[in-house]
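In what follows, a structure is listed as structure tokens, so that the remarks can point back to it.
Nothing in this text is a laboratory measurement; each read-out follows from the coordinates by a stated rule. All figures in this text were calculated on a predicted structure; none of them were measured in a lab. Please note: Cβ atoms are built from the backbone with ideal geometry, for glycine as well, and neighbour counts cover all protein chains shown.
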Amino acid sequence: MNSRIEEKILISGKQLTEFKEYLYTKKSKNLFPKRIIESLYFDNIQKQMFLDSEEGCVPRKKIRLRRYCDIKNKIYSNTKFELKISSYEGRFKKSIDINSFTRENYIKKGYLDKNYGMCEPKLFVKYNRSYLRLEKVRITIDENISYRKYGSNMFYNDDDIIVEIKSNINLSRDYILNLLPFQRIRFSKYSRGFLKVMNT
């Protein structure tokens, strides 16, 4: 697992053009074509991962299945099983490629975690993601975010747009702030989606 810096910026649809123009003037480069991301988050019956995330506890964890879809051709590519860990040492992500059979097995049987016990699918999150690089920093822009409780057909749309800034842990935070001088926020699509859908 690799440790990294993650920072987030919240922008409105009206601000998106201005933000993209700023990146253009700084000579940012597209890394990959825009694609759809679908994430299915797991939690235990006590919703402990959600509660830990809300309280900012460390160590804490998120468990999810993630798959990608080409926007133009609507073709799904690889699926990943991912663990996102926040600890006193930093943030880490472990990502494993899995096949469709393994994905369905996790969904049907759940996942037994050594810290949280048996975890089952709870929240479905879907959005469009653009990928860019600016100097030594990777930037993603997430739009058209929607949330759905697992087992429900009711979607909740999010009007906000999330910009994520990701870099190597050894990169100076002052360097990142000077490169992208926008207000940072604490934001989790998982937590926001959980709050929106879990009481329905």
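Computed values, structure above
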{"read-out": "Condition broken by SER100, with the remaining ones in (1) surrounded by 13 or more Cβ atoms within 10 Å (Cβ to Cβ); (2) more than 18 Å from the chain's Cα centre (by Cα); (3) of a type in the set (S, T, N, Q) satisfied", "value": "(1)"}
{"read-out": "Residue in segment 135-145 that is β-branched (Val, Ile, Thr), over 20 Å from MET49 (Cβ atoms) and touching a residue at least 60 places away in the same chain (Cβ under 8 Å) present", "value": "yes"}
{"read-out": "Answer residue from segment 1-37, given it is among the β-branched types (Val, Ile, Thr) and over 20 Å from the mean Cα position of the chain (by Cα) and is nearest to SER130 (Cα to Cα) among those", "value": "THR17"}
{"read-out": "Some residue of segment 106-122 being over 22 Å from ASN153 (Cα atoms), of a type in the set (A, V, I, L, M), in contact with a strand residue (DSSP E or B) (Cβ under 7 Å, 6 or more places away or on another chain) and surrounded by 13 or more Cβ atoms within 10 Å (Cβ to Cβ)", "value": "no"}
{"read-out": "Test result for TYR68, among the aromatic types (Phe, Trp, Tyr), in contact with a Ser or Thr (Cβ under 8 Å, 6 or more places away or on another chain) and surrounded by 14 or more Cβ atoms within 10 Å (Cβ to Cβ)", "value": "yes"}
{"read-out": "Complete set of residues in segment 61-90 that are in contact (Cβ under 8 Å) with a residue 60 or more places away in the chain, part of a strand (DSSP E or B) and over 13 Å from the mean Cα position of the chain (by Cα)", "value": "GLY90"}
{"read-out": "For TYR127: the one exception among (1) part of a strand (DSSP E or B); (2) of a type in the set (Ser, Thr, Tyr); (3) touching a residue at least 40 places away in the same chain (Cβ under 8 Å); (4) in contact with a Leu (Cβ under 7 Å, 6 or more places away or on another chain)", "value": "(4)"}
{"read-out": "Members of segment 36-57 found to be touching a residue at least 60 places away in the same chain (Cβ under 8 Å) and among the charged types (D, E, K, R), listed by number", "value": "GLU38, ASP43, LYS47, GLU54"}
{"read-out": "Tabulated pairs, segment 178-192, first touching a residue at least 40 places away in the same chain (Cβ under 8 Å), second of a type in the set (A, V, I, L, M) and part of a helix (DSSP H, G or I), C-beta under 9 angstrom, 6+ apart or interchain", "value": "LEU180/LEU23; ARG184/LEU177; TYR190/MET49"}
{"read-out": "Yes/no for LEU83 being at negative phi, surrounded by 11 or more Cβ atoms within 10 Å (Cβ to Cβ) and of a type in the set (A, V, I, L, M)", "value": "yes"}
{"read-out": "Matching residues in segment 157-177 - criterion: being under 16 Å from ARG91 (Cα atoms) and either in a strand (DSSP E or B) or touching a residue at least 40 places away in the same chain (Cβ under 8 Å) (or both)", "value": "GLU164, ILE165, LYS166, SER167, ASN168, ILE169, LEU171, ARG173"}
{"read-out": "Scan of segment 38-51 for residues that are surrounded by fewer than 20 Cβ atoms within 10 Å (Cβ to Cβ), closer than 15 Å to GLY193 by Cα and touching a strand residue (DSSP E or B) at 6+ places or on another chain (Cβ under 8 Å), ordered by number", "value": "GLU38, SER39, LYS47"}
